[in-house]
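Encoded as structure tokens, the structure appears first; notes follow it.
The values are calculated or read from the model by the stated rules, or taken from the named source; none is laboratory data. All values derive from a computational prediction rather than experimental measurement. Don't worry about glycine lacking a Cβ; one is built from the backbone with ideal geometry, like all the others, and counts go over all protein chains shown. Side chains included, ligands, DNA and RNA excluded: accessible areas come from the protein's heavy atoms. Shrake-Rupley method; radii C 1.70, N 1.55, O 1.52, S 1.80 Å.
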Amino acid sequence: MADRYIEVSLVQRGITGTAKLLDDRAPLTCAAVWDALPLAGDVYHAKYARNEIYALFPPFADSEPPLENPTVTPIPGDLCYFSFAGAELGTKAYGYDREVRHGTTLVDLALFYERNNLLLNGDVGWVPGIVWGQVVEGLEELAAGCNDLWRTGAAGETLSFRRK
């Protein structure tokens, strides 16, 4: 299979990077994401994982991918996939501006933009993610935009993933 690439963007800030899909390490997750593209949603900055931004989506795969190519210590440029039951995110501590109901599932597509991340959540413990992509161009610009989100807020910003 030929290498596949996507664009990862902070839309309002006009910042775009290029990521390579890790089809050899996470084939089922890559296929699910690729088939669902384009995807875009409100961006959030992580509270627990440290240097992470993400967007939440309704499930888009026929079935949730298994935990392939897992990590609890993502590195700069990693794109990770998480799947959460609504009960896991249904607390105001996470800062969402909408109700997350029990019995629903949400997919979290995340970008890690700097070092020293640890996927340990005080409420639920270890939260391994599936590493399905790696930013290969534009990480420095994306990281600057992510730091700006942290300092000035994410309201009104969109995280977008689309085929390149």
Which condition breaks for Val11 when tested against (1) farther than 18 Å from Trp132 by Cβ; (2) open to solvent by less than 20 Å² (accessible area, probe 1.4 Å); (3) among the hydrophobic types (A, V, I, L, M, F, W, C)?
(2)
Scanning the stretch 20-50 for residues that are over 17 Å from Glu7 (Cα atoms) and open to solvent by 20 Å² or more (accessible area, probe 1.4 Å) gives Asp24, Arg25, Pro27, Leu28, Tyr44, His45, Lys47, Tyr48, Arg50
With the first residue restricted to the stretch 144-163 and required to be acidic (Asp, Glu), and the second required to be open to solvent by 30 Å² or more (accessible area, probe 1.4 Å) and not in a helix (DSSP H, G or I), Cβ contacts under 9 Å at 6 or more apart or on different chains are Asp148/Arg13; Glu157/Val11; Glu157/Gln12; Glu157/Arg13; Glu157/Asp42
So the check is Cβ under 7 Å with 6+ separation or different chains; which pairs have a first residue in the stretch 112-123 that's open to solvent by less than 90 Å² (accessible area, probe 1.4 Å) and a second one that's modelled with pLDDT of 95 or more and among the hydroxyl-bearing types (Ser, Thr, Tyr)?
Asn117/Thr73; Leu118/Thr73
Filter the stretch 1-48 down to residues that are under 14 Å from the mean Cα position of the chain (by Cα) and of a type in the set (D, E, K, R) and give me whichever is modelled with the lowest pLDDT.
Lys47
Can you pull out the strands (runs of 3 or more DSSP E) entirely within the stretch 1-81 that have at least 3 residues that are closer than 13 Å to Val107 by Cα?
39-42, 52-57
